[in-house]
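The values are calculated or read from the model by the stated rules, or taken from the named source; none is laboratory data. Values in this document were obtained by computation on a predicted structure and should not be read as measured data. Note: ideal-geometry Cβ built from the backbone for every residue, glycine included; neighbour counts use all protein chains shown.
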Amino acid sequence: MSGRPALVLSALDVWDISSYIPPSQLLHTIHTALQSASRARLGDGTGTQMPPRLSVHSSAYTTLFMPSRIDTVPVTSIKVVAVPRASSVGGLPATTLVMDETTGSLDAVVNARSLTALRTAAGKIPCN
């Protein structure tokens, strides 16, 4: 254990923090992560790992587990998304768990809906 509590970042926290990062740096970081993810899917042996997602089914939701390790950042994380079935109302927001690279303990719990929105927007903007 790291001896300190895990950081918890809400959707508002994610948006607030991202507003302090210069847009060019934010775009560069997201594009670097996307490039690493693409190379991992191609199996180029870079050390970036994105195994196939796992799913668990219940009567109300399908929960998806998407682990990854991006060596260029470096970070190990797992995104958890609960996808409601047609007959259920609402759903759970996505959550990303970020692990400590030295100890493997939980470093942060981050609202993944906001992270995904940032990633999606950045993926649509060409990087120079």
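What the table shows:
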quantity: Filter result (surrounded by 11 or more Cβ atoms within 10 Å (Cβ to Cβ) and either closer than 17 Å to LEU97 by Cα or among the hydroxyl-bearing types (Ser, Thr, Tyr) (or both)) within the stretch 18-31; calculated: SER18, THR29
quantity: Residues located in the stretch 1-17, provided they are at pLDDT 70 or above, in a loop (DSSP other than H, G, I, E, B) and surrounded by 11 or more Cβ atoms within 10 Å (Cβ to Cβ); calculated: ALA6, SER10
